[in-house]
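**Q** The structure that follows is given in the form of structure tokens.
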Amino acid sequence: MPAIVVRNLRKSYGDVEAVRGIDFEVATGAVFALLGPNGAGKTTTLEIMEGFRKRTSGEVQVLGTDPAAGTRALRERVGIVLQDTAVDPFLTVREALTRNAGYYPRPRSVAEVIRLVGLQEKAGTRVQKLSGGQQRRLDVALGIIGNPELVFLDEPTTGFDPSARRSAWELVRGLIGGGTTIVLTTHYMDEAQELADQVAVISGGKIVAAGTPESLGGRDTAAARIRFSLPNGVAPTELQLPVEAIGPDLVLRTDDEVRALHTLTGWSLDHGVPLLGLVVERPSLEDVYLELTGGAAPTETGVAA
Amino acid sequence: MNDVTLLGHQIRYEQKSYWRNPQSAFFTFAFPIMFLVIFASLNKGERLKDLGNISFNQYYIPAIIAFGVMSACYTSLAIGLANRRESGILKRLRGTPLPVWTYFAGLVVNSVIVSVLLGVLTVGVGVAFYSVHLPYHLAPLLLALILGAATFCALGVAVSTLAPNAEAAPAIVQFPFFALVFISGTFFPAPKGSFISHLAGYFPLVHFTNAVFAPFNPLATGNGFAGHDLLILGLWALGASAVAIRRFRWEPRRG
């Protein structure tokens, strides 16, 4: 049984439709990333799954129950890490974790969780004295103290410096090792690529693409671009190929780069004209993402979603 | 953990957090003690003509007990919940399996513990230094304290939702508090029939003060139950609870 099933989910705030009919499933033990720009509807979708918001219509099942019912039994099985850090500032790290551990029937060991998030040296420090990054790690620790089957992470690394992001990723990978299902939102393509087995790109309240990070938006099968330039005095028309001038470069789009390269290099050798800076490119995840979310630059390849 | 142990567990951490928070420890615990010492010393030996010439402090000690309950229940809950709501602690808590009733029971019991400490300290100081007589009746005192704590806890929860942000919370919470304290005869009973005493009659503090004072009143002939005041206090407790339940939010209001 999948950990999460979402069918035709809709959510309106007054006249504004924030989520406009989305469907997805998250397999048990999978890492699923909802990728999208700010305001795309990812946090709304996440908060409906977490039970913080009521949906307008559609079906949502989290671990086999409707999160809108907000039952204690479901909350005992789910860990939530919200975007903003919020822990009682007057408790120490160990106290905050011991307190929350008491809320769950089968919590993890407090000492083990402290070690997992690397806060051993701060265990006796009050939350108000922790740095932002340490508070965030405590936040993740509180999300997993109940030994959850499913963890929601809302933009876990927003505002982190690159090295803090790396260690946060390590932490999430450590959780995956335990077979926990993870649902995270992010607006970083590299984060989705690093962590997720499945990615859904959400834009304007709709899922515009879904798949593995490798195949997202048809990236693995998309048209390749062969980019090069010709020496001064050689006109592109001499090639007799459908090339497109983009800045100083020429670009040839093709579904069959082997044949196209053969033709092109054959022409080059026959005519003794070098192909300067010859490269074969595929759209990066970032290209696909920008294309899908409407931020595409004019030079981007058109890839079918 | 069963539900009772869980409540005990929750209260322990509420207590830790309360005493370590300089804002709550000062405004809601040290403040009433400070008023107690200042006014009781200033008025030592004074007598109250309107109350049959009893000593000022025989009235003032019960009045400060009421003040302490209001401080420990209303002020600490209103400011504490506004802060926790704004900072996202309440929302975060909503995502854990801790039952809502356990959370609120933890908050209320925490306030009651602080109120009891304040009350015992106040009576102790009164008896030891200001020749105050111990209460003549216990049951009416207990009833008054329970109704007062319920009223002011509920009002605290309700008022916490009025603060537009955590910075504004102390001002929004303290303003009605002190307005009420000054019109309700906490520092000096308002003359009967005056406009101030008429106005104060619409609010709970004067009734609470009267109901706590009645069992301390050496001249009272009855059983120490201030029936009229207890009734109005009871109505306030019900009304305030209904408003608190309706208005309570886990997250800040936006936009």
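Any read-out appearing in this document is the output of simple, stated calculations on the displayed coordinates, not a laboratory observation. Every value quoted in this text rests on a predicted model; they were computed, and no experiment measured them. Note that we place each Cβ from the backbone using ideal geometry, even for glycine, and neighbour counts take in every protein chain shown.
**Q** Order of A:K129, A:K42 from fewest to most other C-beta atoms within 10 Å?
**A** On the way: A:K129 12, A:K42 27.
Final ranking by Cβ density, sparse to dense: A:K129, A:K42.
**Q** Express the C-alpha Rg of chain A as a ratio against the empirical globular expectation 2.2 N^0.38 Å, rounded to two decimals.
**A** Ratio of Rg to 2.2 N^0.38 Å for chain A: 1.25.
**Q** Could you derive backbone 3J(HN,Hα) for region A:68-84 from the dihedral phi with the Karplus parameters 6.51, -1.76 and 1.60 (θ = phi - 60°), listing whole Hz in sequence and x where the residue is Gly or Pro?
**A** Values per residue, Gly and Pro as x: 5, 5, x, 7, 4, 4, 5, 5, 5, 9, 10, x, 10, 10, 7, 4, 9 Hz.
**Q** Which of A:T212, A:L130, A:L264 sits farthest toward the positive end of the charge dipole of chain A, with +1 on the Cβ of Lys and Arg and -1 on the Cβ of Asp and Glu?
**A** So the residue we want is A:L130.
**Q** Sticking with this structure for a sec: Once amide H atoms are built 1.01 Å from N in the peptide plane, which residues 5 or more positions from A:V31, or in another chain, come under 5 Å H to H?
**A** So A:V31 has HN proximity to A:I182, A:D197, A:Q198.
**Q** Could you list which residues have their amide H under 5 Å from that of A:K206, counting only those 5 or more apart in sequence or on another chain, with H placed in the peptide plane?
**A** Amide H neighbours of A:K206, under 5 Å, 5+ apart: A:R20.
**Q** Stick to Cα atoms and the Kirkwood definition of Rh, then tell me Rg/Rh for region B:90-171.
**A** Here the Rg-to-Rh quotient is 1.10.
**Q** Something else about it: Using only the Cα atoms of the protein assembly as shown, what are the Rg and Dmax in Å?
**A** Reported Rg and Dmax, both Å: 33.0, 122.
**Q** To check my understanding: the extent here is largest minus smallest coordinate of the Cα atoms along each principal axis. What are those three numbers for region A:1-131, in Å, largest first?
**A** Result, largest extent first: 47, 31, 24 Å.
**Q** Would you kindly derive the ³J(HN,Hα) couplings of region B:8-22 from the backbone phi angles with the Karplus curve 6.51 cos²θ - 1.76 cosθ + 1.60 (θ = phi - 60°), listing them in order in whole Hz, with x for Gly and Pro?
**A** Rounded to whole hertz, the list is x, 4, 5, 4, 4, 6, 5, 5, 4, 5, 5, 6, 8, 8, x.
**Q** If you plug each phi of region A:278-294 into the Karplus form 6.51 cos²θ - 1.76 cosθ + 1.60 with θ = phi - 60°, what whole-Hz ³J(HN,Hα) values come out, in order, with x for Gly and Pro?
**A** 5, 9, 10, 10, 10, x, 6, 4, 5, 4, 4, 4, 5, 4, 5, 9, x
**Q** Additional query: Cα convex hull of region A:160-280: how many Å³ per residue? Don't jump to the answer; show the numbers that get you there.
**A** Numbers: hull volume 21.4 nm³, N = 121.
Each residue corresponds to 177 Å³ of Cα convex hull volume.
**Q** Order of B:W101, B:W250 from fewest to most other C-beta atoms within 10 Å?
**A** B:W101, B:W250
**Q** In the Gaussian network model of chain B, springs joining C-alpha atoms below 10 Å, which of B:I245, B:I146, B:I113 carries the largest mean-square fluctuation?
**A** Residue with maximal mean-square fluctuation among B:I245, B:I146, B:I113: B:I245.
**Q** If you average the sequence gap of Cα pairs under 8 Å that are 6 or more apart and divide by the length of chain A, what percent do you get for the contact order?
**A** Relative contact order for chain A comes out at 19 percent.
**Q** Using +1 on the beta carbon of Lys and Arg, -1 on that of Asp and Glu, and nothing else charged, what's the dipole of region A:151-305 about the Cα centre, debye to 20?
**A** With Lys and Arg at +1 and Asp and Glu at -1, about 60 debye.
**Q** To one decimal place, what Kirkwood hydrodynamic radius in Å is obtained for chain B from all pairs of distinct Cα atoms?
**A** 18.7 Å
**Q** Tell me, how many Å apart are the Cα centres for region B:46-70 and for region A:244-279?
**A** If we compute the Cα centre of each part, the gap is 98 Å.
**Q** Right, next: Counting Lys and Arg as +1 and Asp and Glu as -1, each charge on the Cβ, what is the dipole of the protein assembly as shown about the Cα centre in debye, to the nearest 20?
**A** Charge dipole of the protein assembly as shown: 2660 debye, to the nearest 20.
**Q** Do any of A:K11/B:K91; A:K122/B:K91; A:K11/B:K16; A:K11/A:K129; A:K42/B:K16; A:K206/B:K91 go past 31 Å between their Cα atoms, and which?
**A** A:K11/B:K16; A:K11/A:K129; A:K42/B:K16
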